[in-house]
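Just below is one structure, and these are the notes that go with it.
The values are calculated or read from the model by the stated rules, or taken from the named source; none is laboratory data. On a predicted model such as this, the values are computed, not experimentally measured, just so you know. Backbone-built Cβ (ideal geometry, glycine too); neighbour counts: all protein chains shown. For the accessible areas, the whole protein counts, side chains as well, though only heavy atoms, and no ligand, DNA or RNA atoms are used. Shrake-Rupley method; radii C 1.70, N 1.55, O 1.52, S 1.80 Å.
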Amino acid sequence: MTAEMIQEVGCPMIEHEVRTRRSAEDFPYEEHLAYKVAQVAADPVEVPEDTKEMIINRIIDNAAVAVASVVRRPVTSARVMAQAHAVDKQGAAVFGVDGRYSAEWAALANGTAVRELDFHDTFLAAEYSHPGDNIPPLLAVAQHKGLDGKALIRGIATGYEIQVNLVKGISLHEFKIDHVAHLGPSVAAGIGTMLNLDVDTIYQSVGQALHTTTATRQSRKGLISSWKAYAPAFAGKMAIEAVDRCMRGEGAPAPIWEGEDGVIAWMLHSPDRTYTVPLPAPGEEKRAILDTYTKEHSAEYQSQAPIDLARRMKQTIADAGRTTAEIESIVLHTSHHTHYVIGTGANDPQKMDPTASRETLDHSIMYIFAVALEDGMWHHIDSYSPERAGRKETVELWHKISTTEDPEWTRRYHSTDPNEKAFGAKAVITFADGEVIEDELAVADAHPLGARPFERADYIAKFRTLAKGLVSEEEQDRFIAAVENLENLNDLNELNVRLTAEALAAAPQTPEGIF
């Protein structure tokens, strides 16, 4: 049954108005947003086939980017911490290695591996998000509880559904709250679905998960550190612990979003703001994952279309008989969000600094456009190397690039029409002699509406490319066969990809910590 058919039989998405409520106000808990989220999670509706297929794609995508990051320092640190929490029974797998580990610590390690390179899926609306961050904690719990592939599919469908719809309805970055505040509740809801928990338990879990995962977005501002990768992984870990407590009868602050001292009143706009959050009606299929999109390039999503645009304009410049050395200035006309988060509107000097961290360069569209324009490509390691960032001609070009907000790009960014929604830019390149070359691109080539939309073969190719030299071909084949058989998979430990001993030996030695 398609979404259109469901709407015809009376099960459309329900638009829930969410606002601050006075403590003395009559506000039954069944009307709390957390309760409505819990009702969606507890709905036994079947997962549609196209959602199932996309879930498989995103598990492959997560594994691809995790493989590529396993021997990086932040991921190694998280893995070593998880390995300090080995268990004799049950437990979950830690990506890249053998053994069984405490589920919440496995979720932290695996979530950090997935997020480290900023190379997995994205959804942008009122807020922004990486909904693939739901998968590591859900998989860890599923492995710990001995669940099968069907249960995992249901949990992931819920996780995506809740996070995407919170992102559609509630802006966090407008008030400097990090986007993982939508992830804690979505993971808790997804766990509730997998474990067939009752609505009341999921309600309490959602509230606790939100309460413990709300933080400022300084993690993505100024000199960006390795915490950017840990932030969503930590949210997943907190959500697992929240569900565990609530399954034992513990409660959460309530109403968590709407309370007088709650999230809306004091962390977002004010008690005066009303938000509208869409959620599936009872019996409505969970299809939100189909609204999301993944990355061809290891860079912040709003860089995806500009990278493809720069690659195209490199050829245009060459065809015109010009070189990048002759460029006087480049202005990227783009959306409010792109300008103020990864553009010159952020007023972050670090975004123009050749010695900045990889995480900072990943959030500098000026740097990214300069390198893509010079190289005609983007590489998840080489494009960020200190040598590449410090190249004299690159720094000169980089510092000639600025961004400006264009109201039309901002409108398209926030459009609810998928055929119009865009995260691109128009580039105006002016040469020293006054000649101007312009071009624009609305969506990345890999976007569902782009020049080369990602399909199953592309996800598998991305996995094999990133796994080359790190994972044996036999192990690659085994993993792909297992994930493509997800609906019939009884042992979810088969979704763990093991690196070769040689690859793991290349991981850095980390200083001793507490564990």
| request: Could you please find all residues in segment 84-106 being touching a strand residue (DSSP E or B) at 6+ places or on another chain (Cβ under 7 Å) and either surrounded by 19 or more Cβ atoms within 10 Å (Cβ to Cβ) or under 16 Å from Ala142 (Cβ atoms) (or both)? | output: Val87, Gly91, Ala92, Val94, Gly96, Arg100, Tyr101, Ala103, Ala106
| request: Name the single residue, out of those in segment 408-433 being assigned to a loop (DSSP other than H, G, I, E, B) and under 22 Å from Trp398 (Cβ atoms), that is farthest from the chain's Cα centre (by Cα). | output: Asp433
| field | Top-ranked residue in segment 211-221 [being part of a loop (DSSP other than H, G, I, E, B) and not basic (Lys, Arg); ranked as surrounded by the most Cβ atoms within 10 Å (Cβ to Cβ)] | value | Thr213
| task | Sort out which residues of segment 359-388 are of a type in the set (D, E, K, R) and out of contact with any Asp or Glu (no Cβ under 9 Å at 6 or more places or on another chain), and write them in order of number. | result | Glu387
| Mind checking whether some residue in segment 48-71 is at pLDDT below 95 and either open to solvent by 30 Å² or more (accessible area, probe 1.4 Å) or in contact with a strand residue (DSSP E or B) (Cβ under 8 Å, 6 or more places away or on another chain) (or both)? | yes
| said: Considering only residues that are more than 17 Å from Ile55 (Cβ to Cβ), open to solvent by 20 Å² or more (accessible area, probe 1.4 Å) and touching a residue at least 12 places away in the same chain (Cβ under 8 Å), which ones fall in segment 466-489? | reply: Gly469, Leu470, Ser472, Glu475, Arg478
| field | Options Tyr340, Tyr367; residue that is on the phi < 0 side of the Ramachandran plot, of a type in the set (Ser, Thr, Tyr) and open to solvent by 10 Å² or more (accessible area, probe 1.4 Å) | value | Tyr340
| field | Some residue of segment 177-187 being within 22 Å of Ala38 (Cβ to Cβ), aliphatic (A, V, I, L, M) and open to solvent by 30 Å² or more (accessible area, probe 1.4 Å) | value | no
| field | Sole exception among (1) open to solvent by 10 Å² or more (accessible area, probe 1.4 Å); (2) part of a helix (DSSP H, G or I); (3) farther than 24 Å from Glu31 by Cα for Gln208, by number | value | (3)
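Conditions tested, residue by residue: (1) closer than 21 Å to Tyr413 by Cβ; (2) open to solvent by 30 Å² or more (accessible area, probe 1.4 Å).
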position: Ile307; (1), (2): yes, no
position: His336; (1), (2): yes, yes
position: Gly345; (1), (2): yes, no
position: His363; (1), (2): yes, no
position: Met377; (1), (2): no, yes
| Which residue, of Ile202, Ile224, is open to solvent by less than 10 Å² (accessible area, probe 1.4 Å), of a type in the set (A, V, I, L, M) and part of a loop (DSSP other than H, G, I, E, B)? | Ile224
| Hits in segment 118-132 - residues which are in contact with a strand residue (DSSP E or B) (Cβ under 8 Å, 6 or more places away or on another chain) and part of a strand (DSSP E or B) | Thr122, Phe123, Tyr128, Ser129
| What single numbered condition from (1) under 18 Å from Pro131 (Cα atoms); (2) touching a helix residue (DSSP H, G or I) at 6+ places or on another chain (Cβ under 6 Å); (3) open to solvent by 10 Å² or more (accessible area, probe 1.4 Å) fails to hold for Leu172? | (3)
